Amino acid sequence: MKKWIISILVIGIGIVLWQSISTYQSATSSLKQDERRATQLAYELSDITKVEQIDIYRGTTFYMIVQGLTASDETIVIWIDEEEKIVETKNSSDGIPREEVLNYLQTDRNPQKIHSISLAMENNLPLWEIKFTDAANRYNLYYITFEKGEFFQRITF
């Protein structure tokens, strides 16, 4: 009887582990596929010759945002929509550098942990998205404009 219980437990743990790995691979393969497509489109549709950073944004509309170097060593950022068309192109120097984005975070939420800083777009406006957990352990999405760092929107869960 004891062997049966151990066998059932081992099989059950194996099934749970297998399903967990399968779910994880399924979730990450979509992101990797989007990143590969963004790289391909950046080379095809823009002057980018070397991709440096890719951000995938799933807000009210899906965007692939690619930052890269041109042949003349300029760093540009392109926003590609779900129809695979470039909707915005900016020189990186026209916006706030990723490293300085946190300086523009003005909130009473008291960020405890920064999860990510990435490029986004809402209402055809290039944005920075800051994801963080506040002192009350709430998950926050904080948006500032790409060029000036002005507050755009905050969403708290």
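Things worth noting here:
- Compared with the dominant Cα axis of the chain, that is its longest principal axis, helix 2-45 is turned about 20°.
- Taking the centroid of alpha carbons for each part, the range 113-147 and the range 14-57 are 20 Å apart.
- Over all pairs of different C-alpha atoms, the range 98-156 has a mean inverse distance whose reciprocal, the Kirkwood radius, equals 11.3 Å.
- Gaussian network model of the chain, Cα within-10 Å springs - most flexible of Gly12, Gly59, Gly95: Gly12
- Here Asp34, Asp94 are placed in order of increasing Cβ neighbour count within 10 Å, fewest first, which gives Asp94, Asp34.
- Annotation: the residues Arg138, Arg98, sorted from fewest to most other C-beta atoms within 10 Å of their own C-beta, follow the order Arg138, Arg98.
- By the Kirkwood approach, averaging reciprocal distances over each pair of separate Cα atoms, the chain gets a hydrodynamic radius of 17.9 Å.
- Expected 222 nm ellipticity per residue - DSSP helices of 4 or more, -39500 (n - 2.57), all of the chain, to 500: -10500 deg cm²/dmol
- The fraction of all Cα pairs in the range 32-93 landing in successive 5 Å bins from 0 to the largest distance is 4, 21, 35, 25, 11, 3, 1, given as whole percents.
- Considering only Thr23, Thr60, Thr39, the mean-square fluctuation computed in a Gaussian network model of the chain, springs between alpha carbons under 10 angstrom, is largest for Thr23.
- Likely footprinting exposure, Ile65, Ile114, Ile11, fewest C-beta neighbours within 10 Å first: Ile11, Ile114, Ile65
- Within a Gaussian network of the chain (alpha carbon springs, distance under 10 Å), most fluctuating of Trp18, Trp128, Trp79: Trp18
- Counting lysine pairs in the range 4-143 whose alpha carbons fall under 22 angstrom apart, excluding pairs fewer than 8 residues apart on the same chain, gives 6.
Every number in this text was worked out from the coordinates using simple rules, so none of it is lab data. Nothing here was measured: the structure is a model prediction, and the numbers come from that model. So basically every Cβ, Gly included, is an ideal-geometry build from the backbone, and we count neighbours across all protein chains shown.
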